[in-house]
1. Could we say that residue 130 is of a type in the set (D, E, K, R), within 36 Å of the chain's Cα centre (by Cα), modelled with pLDDT under 95 and part of a helix (DSSP H, G or I) here?
2. Quick check on residue 120: is it in contact (Cβ under 8 Å) with a residue 12 or more places away in the chain, surrounded by 11 or more Cβ atoms within 10 Å (Cβ to Cβ) and farther than 30 Å from residue 201 by Cβ?
3. Among 64, 58, which is in contact with a Lys or Arg (Cβ under 7 Å, 6 or more places away or on another chain) and more than 30 Å from residue 212 (Cβ to Cβ)?
4. Between 57, 71, which is touching a strand residue (DSSP E or B) at 6+ places or on another chain (Cβ under 6 Å), touching a residue at least 24 places away in the same chain (Cβ under 8 Å) and of a type in the set (Val, Ile, Thr)?
5. Being surrounded by 13 or more Cβ atoms within 10 Å (Cβ to Cβ) and either within 26 Å of residue 189 (Cβ to Cβ) or among the aliphatic types (A, V, I, L, M) (or both) is the filter here, so list the residues in segment 137-152 that pass it.
6. Would segment 54-74 turn up any residue that is in a loop (DSSP other than H, G, I, E, B), at pLDDT below 95, surrounded by 11 or more Cβ atoms within 10 Å (Cβ to Cβ) and within 33 Å of the chain's Cα centre (by Cα)?
7. If I ask for residues that are among the charged types (D, E, K, R), out of contact with any helix residue (DSSP H, G or I) (no Cβ under 8 Å at 6 or more places or on another chain) and without any contact (Cβ under 8 Å) to a residue 40 or more places away in the chain, which ones from segment 143-177 would you list?
8. Can you work out which of the residues in segment 178-197 that are closer than 18 Å to residue 211 by Cα and free of Cβ contacts under 8 Å to residues at least 12 places away in the same chain is surrounded by the fewest Cβ atoms within 10 Å (Cβ to Cβ)?
Amino acid sequence: MVSRFVPALAFAFVAFAGVSPASAADDPVVAVVNGANIHRSQVHDAHKHLPAQYQQIPFETIFPGLLESIIDTKLAASDARAQKVQATKEFKDQMTRLEEQVLQRIMLTRKIDKDVTDAAVRDRYAQIAKELNSIEQIQARHILLKTEAEAVAVIAELGKGGDFAALAKTRSTGPSAPEGGDLGFFTRGQMVPEFETAAFALKTGEFTPTPVKTQFGWHVIKVENRRASEVPKFDEVADGLRNDLSREASASYIAGLREKAKITMFNADGSPVTEGASAKPTERPAEKPAEKQPEKK
């Protein structure tokens with residue numbers, strides 16, 4: 001059951017939410033506070049401005065809590081006006097900060113509306129699809145053995161016509177043994193380097209003529225198939241692409257403003273920044289991706 005009180009973060013969104021116009025028939029009065037009407041549209045608009053996790057709650061479920069929050073806001077605001085809080089420096093400073101935040105939000109929204117069009121999203125999708133089509137995937141099987149001698153013996157059996165999948169089931173010590181050593185499709189960068197180099201050097205249907213050593217043991221590898229990377233459907237990635245483009249548009253807008261501006265930064269204590277020192281956050285060294293065992297997850 002949703003509490004009648006909306007959490008503090010949500011309350012902040014409610015307090016500054018706008019009001020969407022609506023007809024009287026579709027917008028009934030849902031509360032009257034000291035003679036002032038509160039309409040359903042105000043509660044509905046507040047719901048739309050909540051953080052994402054609260055927007056997932058059905059409107060009718062969260063309605064009582066939102067209405068209580070709007071009532072509380074109106075009561076507190078009325079009391080503040082009676083005490084002439086709006087004339088204080090504290091109020092004016094906060095309104096200035098709020099005004100700048102709203103102005104920034106409006107400008108970013110305009111930039112996004114201008115740049116992030118349906119055509120732009122389609123273009124980004126086409127670009128990614130082209131890149132994925134150029135990335136080769138291979139389907140391989142492998143037989144993992146403890147010693148080089150065991151691997152050499154398996155290769156000898158394969159040379160005499162032995163069935164790779166059958167040998168993998170009976171000889172391999174890897175977790176893919178029950179599936180005949182099948183690792184499915186993978187691209188470069190998903191396997192440890194020694195395994196990857198050997199696998200991608202093979203033609204379809206070939207197996208390694210000599211054992212391949214990795215940190216996991218000795219491998220005999222066979223390539224079953226090759227294909228371009230799969231391209232997801234547009235509808236599956238459209239929202240994500242739009243979000244990416246929106247972030248890029250926002251960053252580009254801010255970067256452009258910074259290039260034209262004269263900005264002087266100081267240390268937290270107000271002292272000048274030492275020549276050559278940087279005010280940007282400390283950068284962490286890039287972490288090397290963890291190498292994966294040649295077993296499909």
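The values are calculated or read from the model by the stated rules, or taken from the named source; none is laboratory data. This structure is a prediction, so every number in the text was calculated from the model and none was measured. When we count neighbours, we look across all protein chains shown, and the Cβ atoms used for this are built from the backbone with ideal geometry, even at glycine.
1. It is true that residue 130 is of a type in the set (D, E, K, R), within 36 Å of the chain's Cα centre (by Cα), modelled with pLDDT under 95 and part of a helix (DSSP H, G or I).
2. yes
3. Numbers: 58 fails: in contact with a Lys or Arg (Cβ under 7 Å, 6 or more places away or on another chain).
After ruling out the rest, the residue left standing is 64.
4. 71
5. 137, 138, 139, 140, 141, 142, 143, 144, 145, 151, 152
6. Pass one, segment 54-74, residues in a loop (DSSP other than H, G, I, E, B): 56-58.
Applying the additional criterion that residues be at pLDDT below 95 yields 56-58.
Next, only the ones that are surrounded by 11 or more Cβ atoms within 10 Å (Cβ to Cβ) stay: 57.
Keeping just the survivors that are within 33 Å of the chain's Cα centre (by Cα) gives 57.
The answer is yes, given that some residue of segment 54-74 is in a loop (DSSP other than H, G, I, E, B), at pLDDT below 95, surrounded by 11 or more Cβ atoms within 10 Å (Cβ to Cβ) and within 33 Å of the chain's Cα centre (by Cα).
7. Hits for segment 143-177 are 160, 163.
8. Only one residue fits best here, namely 197.
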